[in-house]
Amino acid sequence: MNARTQAWFWLLVLAVALLLVWLLSVILLPFVLGIALAYALDPAATRLERRGCSRTTATVLIGAGFFGAGLLVLLLLIPPVAEQGADLLQRLPALVSRLVQAVGPLLARALNAIGADQPEGLHQTMAGNLQRFTKLGLGLFQSLASGGAAVVNIATLLTITPLTTFYLLRQWPGIVATVDDWLPRDHADTVRGIMRDIDVVLKGFLHGSVIICAALAAFYGVALSLAGLDYGLTIGLATGALSFIPYVGTIFGLVASVGVACLQFWPEWIRIALVLGIFLVGQLLADYVLTPRVMGSRIAVHPLWLIFGLFAGGALFGFVGLLLSVPATAAIGVLTRFFIGRYKDSTLYRGAGNG
């Protein structure tokens, strides 16, 4: 089999795999989560094996510890977060009305300052559009949260994901050996090298992101609550969770917290500035302390490339695509660097006389 035939074969395999993910994306979420958790927990299981534990014992200990700790955290956080979330949903239309009342005059003065004509009924138009948007969003959220499909999906997630994680974590070394045995013998060493590079980037990014997200969630949740901000705990935890996507968590948290602070504390500028200062400190902490110490220079995934991958994965495959986009962007980045290196070593780059 020549190189061109091999290339067409692997492109066909990739196309079939993408087609299957697209067709089965509705049911893949618990399995994708299980694979991700097994991959993330495998180093801990390997360390326990080296200390004399069997693979099954290590899997049980790590699985029980991980899911037990997660359940404990959920039991501690769900009551206050659910209470704040329900109150926020109930008060959201009133908050939007107050926001319109505050922004409307400022917008009118800005239009007058630049000499633009103020549209007739600007205030009423803004209020109506924001109210309709709010009601639409609330209706969509309530339908998703109360629908029978949502209950089934949550139940499936809570049952299938731990089972998938347990079986994959227990059999991970055998799975790796099986996949290694499938590699084409002529290129096995090259593929192993590429996979090692992908593994380094992916593990460093995932482990670092989990630590950073947890630290930011704790910092923002506690700091905003101590500052007396309404829904501070909910906003802080959501900001930490969304910090997995570069800049998105910070933008969401900044807009949400400062917006609520303006509505809650106006005209007390000191308290509003305190909330703004909390996010500035959090961003400095993430950029100059956590990221360099936790991730270092191992992560070669550019934030813009990651954001593009997340949007592309979500558009193509939904929420499953969001989960798959992180390893996909890491793998594509490693492959791109590999092929650029091969290209620069080839006569196509150097020229026929410089080979």
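The values are calculated or read from the model by the stated rules, or taken from the named source; none is laboratory data. All of these numbers come straight from a predicted model, not from anything done at the bench. Ideal geometry is used to build each Cβ from the backbone, glycine not excepted, and the neighbour counts take in all protein chains shown.
Laid out as a table, the results:
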read-out	value
Positions within the stretch 150-190 being more than 28 Å from residue 60 (Cα to Cα) and either at pLDDT 90 or above or exposed (fewer than 14 other Cβ atoms within 10 Å of the Cβ) (or both), in sequence order	150, 182, 184, 185, 186, 187, 188, 189, 190
Near pairs, Cβ below 8 angstrom, 6+ apart or cross-chain, from the stretch 1-18 (exposed (fewer than 10 other Cβ atoms within 10 Å of the Cβ)) to any residue that is modelled with pLDDT under 85	1/9
Members of the stretch 47-59 found to be within 10 Å of residue 170 (Cα to Cα), surrounded by 12 or more Cβ atoms within 10 Å (Cβ to Cβ) and free of Cβ contacts under 8 Å to residues at least 12 places away in the same chain, listed by number	57
Hits in the stretch 235-255 - residues which are in contact (Cβ under 8 Å) with a residue 24 or more places away in the chain and over 17 Å from the mean Cα position of the chain (by Cα)	254
Any hit, the stretch 64-82, residues being farther than 19 Å from residue 322 by Cβ, at pLDDT below 80 and crowded, with 17+ Cβ neighbours inside 10 Å	yes
So residue 254, is it at pLDDT below 75 and part of a helix (DSSP H, G or I)	no
Filter result (over 24 Å from the mean Cα position of the chain (by Cα) and among the hydrophobic types (A, V, I, L, M, F, W, C)) within the stretch 172-220	172, 175, 176, 177, 179, 182, 183, 188, 191, 194
Residue within the stretch 194-207 that is out of contact with any Pro (no Cβ under 9 Å at 6 or more places or on another chain), without any contact (Cβ under 8 Å) to a residue 24 or more places away in the chain and charged (D, E, K, R) present	yes
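Condition check ((1) farther than 15 Å from residue 164 by Cβ; (2) at pLDDT 85 or above; (3) not in a helix (DSSP H, G or I)) across all residues:
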| site | (1), (2), (3) |
| --- | --- |
| 8 | yes, no, no |
| 13 | yes, yes, no |
| 22 | yes, no, no |
| 31 | no, yes, no |
| 38 | no, yes, no |
